[in-house]
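One structure is given here, and the rest of the page talks about it.
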Ligand code: NAI
């Protein structure tokens, strides 16, 4: 049987989640995705209308199939956590079962189990503010959406993950080195995600034989990255300074994720794997 992957954080064909889905599909995995509730309608209608067909093409010429799209909001664990204004918001009211626990229950009902969990989502409402100007709420919201969301997904999926399974998240070097402009507590959120990768590797490894790794990815012009506002500068900086002078493609991150999800990496867990043209290894700009 082929492996089944749940990819959280796909809402268009520009981000890392989409590229990881493609690499996993090319390797023979069945793809199911979790899409942020407010982005669900546009994503599903674009899929249906064929807007992504060009980017669905796999190396063998076939089109990537997404077996099912689940609405999801990873900042809520169960219905009791959802405040009234969100519940009645018209972008949410049209969908149901989108808290983490409910999504996992639905996946269990529909498919029974998964082998691969990918977390490719982040959100920091105050990302454009320096840390010194970040509010407590903004900071906690960044951690909730970008770090605890992974703990919650893994914790809820583990009981239906097959032994030998793997999970992968996406992080950024701003967690360990200063990147001015990556504010709002997002640098803190990535530091937490990386630390949690180690602790969760131990807990999920001992208890469920599941591996936990994170990819520290170089800059990509995704929807989320464009919203931060400095992505072109980061891409130019990498081109000028990284050991490998080429623009990083999402596919390169997708392929690394496929490796980390496969038995080829069966002894790798608790790792931060850099997929950034080597930029992390530089101490100075050139
Ligand atoms: P993206 O915009 O394709 O993906 C972010 C996704 O998160 C979107 O689909 C959005 O709808 C979803 N999302 C936001 N809040 C959510 C919530 N509460 N519940 C469920 N989904 C939610 O952008 P990108 O850049 O591909 O981001 C994927 C991951 O890659 C993120 O963790 C990001 O921090 C990381 N990353 C991105 C880099 C870049 O330069 N683009 C560099 C290094 C890491």
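The numbers here are math on the coordinates, done by the rules we state, and not lab data. Every value quoted in this text rests on a predicted model; they were computed, and no experiment measured them. Glycine gets a Cβ as well: all are built from the backbone with ideal geometry, and neighbour counts include every protein chain shown.
Okay, residues lined up against (1) more than 27 Å from residue 142 (Cα to Cα); (2) in contact with a helix residue (DSSP H, G or I) (Cβ under 7 Å, 6 or more places away or on another chain):
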site: 182; (1), (2): no, yes
site: 190; (1), (2): no, yes
site: 199; (1), (2): no, no
site: 211; (1), (2): no, yes
site: 238; (1), (2): no, yes
site: 244; (1), (2): yes, no
site: 251; (1), (2): no, yes
site: 256; (1), (2): no, no
site: 273; (1), (2): no, yes
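Restrict the check to the range 4-19 and report whether at least one residue is away from the ligand (no atom under 14 Å from the Cβ) and in contact with a helix residue (DSSP H, G or I) (Cβ under 9 Å, 6 or more places away or on another chain).
Yes, the range 4-19 has at least one match.
On the basis of being away from the ligand (no atom under 12 Å from the Cβ), crowded, with 20+ Cβ neighbours inside 10 Å and either in contact (Cβ under 8 Å) with a residue 60 or more places away in the chain or assigned to a helix (DSSP H, G or I) (or both), does residue 204 make the cut?
Criteria met by residue 204.
List the helices (runs of 4 or more DSSP H) inside the range 63-135, counting only whole elements, that have at least 3 residues being more than 13 Å from the ligand (Cβ to nearest atom) and within 22 Å of the chain's Cα centre (by Cα).
Helices (runs of 4 or more DSSP H) meeting the threshold: 100-111.
Please enumerate the residues belonging to the range 1-58 that are within 14 Å of the chain's Cα centre (by Cα) and assigned to a loop (DSSP other than H, G, I, E, B).
9, 10, 11, 12, 13, 14, 15
Restricting attention to the range 207-253, and to residues there that are part of a helix (DSSP H, G or I), closer than 26 Å to residue 268 by Cβ and out of contact with any strand residue (DSSP E or B) (no Cβ under 7 Å at 6 or more places or on another chain), which single residue is farthest from the ligand (Cβ to nearest atom)?
Ranking the qualifying residues of the range 207-253, first place goes to 207.
When the range 37-49 is examined, which residues are found to be surrounded by fewer than 21 Cβ atoms within 10 Å (Cβ to Cβ) and either farther than 18 Å from residue 121 by Cβ or more than 8 Å from the ligand (Cβ to nearest atom) (or both)?
41, 42, 44, 45, 46, 47, 48, 49
Quick one: how many residues across the range 260-271 are surrounded by fewer than 20 Cβ atoms within 10 Å (Cβ to Cβ) and either free of Cβ contacts under 8 Å to residues at least 60 places away in the same chain or not in a loop (DSSP other than H, G, I, E, B) (or both)?
Qualifying residue count for the region: 5.
Inspect the range 22-36 for any residue being away from the ligand (no atom under 14 Å from the Cβ) and free of Cβ contacts under 8 Å to residues at least 12 places away in the same chain and give the result as yes or no.
No, the range 22-36 contains no residue that is away from the ligand (no atom under 14 Å from the Cβ) and free of Cβ contacts under 8 Å to residues at least 12 places away in the same chain.
Six or more apart or on different chains, Cβ atoms under 8 Å: show the pairs whose first residue is in the range 222-243 and without any contact (Cβ under 8 Å) to a residue 60 or more places away in the chain and under 17 Å from residue 279 (Cα atoms) and whose second is more than 12 Å from the ligand (Cβ to nearest atom) and assigned to a helix (DSSP H, G or I).
Qualifying pairs under 8 Å: 243/281.
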